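Here is the structure we will look at.
No lab work stands behind these numbers, since they all come straight from the coordinates. The shown structure was predicted, so the numbers you read here are calculated from the model rather than taken from an experiment. Counting neighbours? That spans all protein chains shown, and the Cβs are built from the backbone with ideal geometry, glycine included.
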Amino acid sequence: MTARDLLQHAPEVTPERVWPEPEPLDDLDTPTPPAFDALKLLPEPLGPWAEDTAARMNAPVEFTVTAALVAAAGVLGNRVLVAPDPEANPGWLEAPNLWGLLVGEPGTRKSPVMEAAFAPLHALEAELHRENQRRRTEWELARRNRKKGDPVTEDDLQPPAEEALLAHDITAEKLADLLEHNPFGLTAFQDELLGLIAAWERPEKAGERQFYLKLWNGLSPHTVRRIQRGSHYLSICTLSLLGGAQPGPMRRYILEAARGWNNDGLLHRFQLTVYGELPPYQRVVRPPNSLKAEYTARLEGLAGLARQLPGVPQVELRPELTRPVLTFDPEAQALYLQWLEGTARESRQPSTPTLKRSLLEKQTGLVPKLALLLHLVEGYPNPQPHIEALSTARAIALANLYKLHTLNLWQEAIRPEVQGAALLGRRILERTQTKAAFSYRRFSERDILRSGWKGLAEPETVRRALAELEARGWIAREGSAWVPNPRLWEGSHV
């Protein structure tokens, strides 16, 4: 037999697959954001009130901190402004109004926390309501007592303007009317904020959505034009807003924004977005204290703070519209500019996803807002004319915490392959097998999609998750199917 015959009759030898060592998936899990330390992050009495209220209500302290900040911002409105960088950008001003979003499953105490935080605002609103009724009664009495031939003025034709602080359960038209006569701004809170946002998706509500987007800015003018009620010019529009939402419905809006649908920056405006879970149940019995009264008194005092700022320069925003403007002291300015530079570098990296970049860019104004608010609360009733380093450091710490909470909620939208790879990797490691579709021994994209797992429901997400696991040595392709690395079960890789 020749050598050629030997080669032709030799058995086929298939080399054994050499599997690599699988890389751990630890870095794919979304890290849990650090806990809020209310006593360190907030000045008195906001910090002690937030900690005490969370303990008594058995609620997430993240919720009480956020609600207290928005409540204080709502009372302050645009009465005092801050110039974040007057040397480089002298025209840049920020009002301390804030938009917050409490995200949690049903029963996580979102509504009770908002009610407790806004109790002082309700008391102020009740006083304004009584004063409105008194002035309206006097106006109607004067009209009835007017004699024939008496001169008629504009005040005789129009009832007294309605003063208000809260704008709960209100139409956009009524909100515009109130803002015209309440130039320092208004405050609103919604138990289910997504219901309000869903209403804006109707074509006839597109203008209302744009109006709210403008209200977030805090310093923009607005013109209202109506056929029957005429035109109205609002020289300045400011709104602080707090709402609650559940994680499931929130997911749709986040994914839509990531894909460019309705991505007009609405989600990014809720800069105080926080996710909260109920702490382990603990019955907390504390003796009565004065924290509630001190919290109420401080918020009520902020409403008149603009009249108690000697030495603070007034800036003309528009004709006959001026506001006191604070700046950072040198130490605080250096601290803020250092943080601003780091945030700008992170935002401008090519690898930064668009959704995250928009969040970082809007945070440049959040830190001055928070620093001003904390400075005024801390220094009441006689705050210093310049924002100090302590308030600025607290503002930066708060902004970083809210960024982590927001990115935690947005992780699926920013990098869907990360969550998908972690979920699929866990299914493989646990040797999950379903009768209808998925078998951990050998599976296809279609098998994963038919399993209906949350986070692995879209073809593109599944493909990117598979690619991530392949790059880490967890799986390999065999034709149109995938097989897992047998070395996965030799040790722990998740």
*Among Asn89, Gly100, Ser111, flag the residue with its Cα farthest along the positive direction of the charge dipole of the range 47-134, charges on Cβ as +1 for Lys/Arg and -1 for Asp/Glu.*
Ser111
*Loop-located GluC sites (Glu not before Pro) in the range 158-250 whose Cβ has at most 13 other Cβ within 10 Å (DSSP)*: Glu201
*What stretch of the chain, leaving out the sites themselves, is the longest with no chymotrypsin sites (Phe, Trp or Tyr not before Pro) in a DSSP loop having at most 12 other Cβ atoms within 10 Å?*
1-260
*Please find the FRET efficiency linking Glu331 to Lys292, where r is the Cβ-Cβ separation and R0 is fixed at 35 Å, and quote it to the nearest 0.05.*
0.55
*Rounding to the nearest 20 debye, state how big the charge dipole of the chain is about its Cα centre with +1 on each Lys and Arg Cβ and -1 on each Asp and Glu Cβ.*
1100
*Along the charge dipole of the chain, Cβ charges K/R +1 and D/E -1, which of Pro249, Ser391, Pro279 sits furthest on the positive end?*
Pro249
*Got a sec? Charge dipole of the chain, +1 on Cβ for Lys and Arg, -1 for Asp and Glu; which of Val61, Pro43, Thr327 is way out at the positive end?*
Val61
*asked:* Quick check: the angle from helix 330-347's long axis to the longest principal axis of the chain, C-alpha only, nearest 10 degrees?
replied: 40
*On full extension of the chain, what length is gained from Glu445 through Arg251, given 0.36 nm per residue of separation minus the C-alpha to C-alpha distance?*
67.5 nm
*Compute the length gained on full extension between Asn89 and Gln282: take 0.36 nm times their separation in residues and subtract their Cα-Cα distance, giving the result in nm to one decimal.*
64.5 nm
*May I ask you to list the GluC sites (Glu not before Pro) in the range 293-370 that are in a DSSP loop and have at most 16 other Cβ atoms within 10 Å of their Cβ?*
Glu320
*Using a simple spin-label model with points 7 Å from Cα along the Cα→Cβ vector, what separation in nm is obtained for Glu127 and Arg463?*
6.3
*Take the cross-link list Lys40/Lys214; Lys40/Lys369; Lys110/Lys403 and give me the ones stretching past 27 Å between alpha-carbons.*
Lys40/Lys214
*Please give the contour-minus-distance gain from Ala119 to Lys454: 0.36 nm per residue of separation, less the Cα-Cα distance, rounded to one decimal in nm.*
116.7 nm
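May I ask you to give the average projected area over all directions of the convex hull of the Cα atoms of the range 329-466, in nm² rounded to one decimal?
On the way: hull surface 43.8 nm².
The orientation-averaged projected area of the Cα hull of the range 329-466 comes to 10.9 nm².
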*Cα→Cβ-extended label distance, 7 Å offset, between Ile170 and His232, nm*: 1.0
*Extent of the range 416-490 along each principal axis, from alpha carbon coordinates, in Å, largest to smallest?*
30, 27, 24
*Measure of compaction for the range 224-347 (Cα Rg per 2.2 N^0.38 Å)*: 1.59
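Let's test the formula: R0 of 60 Å, r as the Cβ-Cβ distance of Ala437 and Ala206. What FRET efficiency results, to the nearest 0.05?
Efficiency for this residue pair is about 0.90.
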*Go ahead and estimate [θ] at 222 nm for the chain from helices alone: -39,500 (n - 2.57) per DSSP H run with n ≥ 4, summed, over the residue count, rounded to 500.*
-15000 deg cm²/dmol
*With r as the distance between the Cβ atoms of Ser111 and Asp26 and R0 = 30 Å, compute the FRET efficiency 1/(1 + (r/R0)^6) and round to 0.05.*
0.25
*So how far apart, in nm, are the two label points at Arg56 and Asn400 if each is 7 Å from Cα heading toward Cβ?*
3.2
*State the label only: which of [x] 36; [y] 25; [z] 41 corresponds to percent of Cα pairs over 37 Å apart computed from the shown model?*
[z]
*What GluC sites (Glu not before Pro) does the range 16-83 have in DSSP loop regions with at most 14 other beta carbons within 10 Å?*
Glu16
*Hey, got the Cα dimensions of the range 109-249 along the principal axes, in Å, largest first?*
66, 35, 24
*Please identify the longest segment of the chain free of exposed trypsin sites (Lys or Arg not before Pro), where exposed means a DSSP state other than H, G, I, E or B and no more than 13 other Cβ atoms within 10 Å.*
18-145
